Amino acid sequence: MMALLKARVSAAVIYRTIDRVSVGDLRKRSDLKKEVAAGHVVFDNVCFTYPTRDKSVLNGLSWEARAGETIALVGPSGCGKSTSIALLARLYQANSGRVTIDGVDVHDIDVSALRKRGWQQLVETPSGFILYVLRCASCLSAPQLSEFEITAQRNVQNPRSQQNHGRIGIVQQEPQLFNGTIKENISLNRDDICEDKIRKAAEIANATGFIEQLHNGFDTYLGPGGVTLSGGQKQRIAIARAIVTDPCLLFLDEATSALDVNNEKIVQAALEKAAKGRTTITIAHRLSTIQNVGRIFVLEQGKVVEVGSHSELMDRAGIYSKLVKAQQFDEVVRSDKALEKSSDLAAEVGRDR
């Protein structure tokens, strides 16, 4: 009973957030573009300051990603990399300048044409919202959760049958998995995503191999937060989820920075497969993961200060080159410390014998 009361309190807070009117949607317009097709992205002299801060984040930022191209945004913390993605997804509105997709200002595009549908659709009805809160909070035991899910699903006016998928997919540093099966986590339980699409997305994400080794395959129940999977496996499920609707835009927000070296290689290979045929914008912390990217935009203080391939930027010996060398030095230091620790441990074990 206490768990249900906690869920109701959480529901009240999130309802207030849902009911807030977005500044970008104050005008109800019938001329908004309903579809994003090619994925040609342009930032043209964009300036932006977060509402709660005094210092501007973007100061005349300009960059371009051609349709089907993979680019990378790199730079020190706070330079505007993640802010760029937030503006593209219409989470915020630029103070000046233009952000366009296929030549159309993002604020002339219907927000539902950009963002993915699924769990957020279930939130649109009271019963669906309770279902969402209970799943995310994981505040009930499995039998209790199942009982409340069944009750909630009976009352949801099934918004999942709509075919208008969002055209932006995103893979973040920390994948968010829900109580449910692998199949449900990839499809977000949408009726209009068939099993063939789920399996194709998993294949591209290099996830099919480990999934089929599980006892129930795609019907394997993951538990809260995907506790039964490793970090690399979770990330590959997240990649499959991001591409299952075949988005034309794919954002990779430091998608491998939380992984160890072995998992990073596996996930990086999956990301490169997922990027084929779609515009992909990578925010990279580990610069070794973007060496094959055609164009790298180096940001500093909200502006682009360098553009080029990895080899071109290294030859210039500018900011990017310094970042790469500093990161390589840090990796050598960490490797030496790990080797030293391993040697000390081996010596201690030898003495104990």
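Observations
- Near pairs, Cβ below 7 angstrom, 6+ apart or cross-chain, from the stretch 231-242 (at pLDDT below 90) to any residue that is surrounded by 24 or more Cβ atoms within 10 Å (Cβ to Cβ) and charged (D, E, K, R): none
- Flag for Ser288 being polar (S, T, N, Q), within 21 Å of the chain's Cα centre (by Cα), more than 29 Å from Glu35 (Cβ to Cβ) and not in a loop (DSSP other than H, G, I, E, B): yes
- Among the residues of the stretch 88-97, the ones that are crowded, with 16+ Cβ neighbours inside 10 Å and modelled with pLDDT of 90 or more come to 2 in all.
- Residues of the stretch 180-192 satisfying the condition of being under 20 Å from the mean Cα position of the chain (by Cα) and over 20 Å from Gln235 (Cβ atoms): Asn189, Arg190
- Asn262 being within 18 Å of Phe210 (Cβ to Cβ) and polar (S, T, N, Q): yes
- The C-beta contact set for the stretch 33-45 (first residue on the phi > 0 side of the Ramachandran plot, second residue modelled with pLDDT of 95 or more and of a type in the set (Ser, Thr, Tyr), distance under 7 angstrom, 6+ apart or interchain) comprises Asn45/Ser62.
- Look at the stretch 287-307: where a residue is under 12 Å from Gly60 (Cβ atoms), no partner that is at pLDDT below 90 and in a strand (DSSP E or B) sits 6+ places away or on another chain with Cβ atoms under 7 Å.
- For the residues Ile186, Ile193, Ile182, the requirement of being touching a strand residue (DSSP E or B) at 6+ places or on another chain (Cβ under 9 Å) and either surrounded by 14 or more Cβ atoms within 10 Å (Cβ to Cβ) or at pLDDT below 90 (or both) singles out Ile182.
- Screening the stretch 296-321 for residues that are out of contact with any Phe, Trp or Tyr (no Cβ under 6 Å at 6 or more places or on another chain) and aliphatic (A, V, I, L, M) and picking the one that is nearest to Glu69 (Cα to Cα) gives Ile296.
- Among (1) surrounded by fewer than 22 Cβ atoms within 10 Å (Cβ to Cβ); (2) of a type outside the set (A, V, I, L, M, F, W, C); (3) at pLDDT 90 or above; (4) within 15 Å of Leu252 (Cα to Cα), the one test that Ser84 misses: (1)
- Selected residue (criterion: modelled with the highest pLDDT) from residues of the stretch 297-353 that are among the polar types (S, T, N, Q) and in contact with a helix residue (DSSP H, G or I) (Cβ under 8 Å, 6 or more places away or on another chain): Ser321
- Among the residues of the stretch 35-65, those that are among the aliphatic types (A, V, I, L, M) and part of a loop (DSSP other than H, G, I, E, B) comprise Val36, Ala37, Ala38, Val57.
The values are calculated or read from the model by the stated rules, or taken from the named source; none is laboratory data. Everything numeric in this text was worked out from a predicted model, so none of it was measured. Don't worry about glycine lacking a Cβ; one is built from the backbone with ideal geometry, like all the others, and counts go over all protein chains shown.
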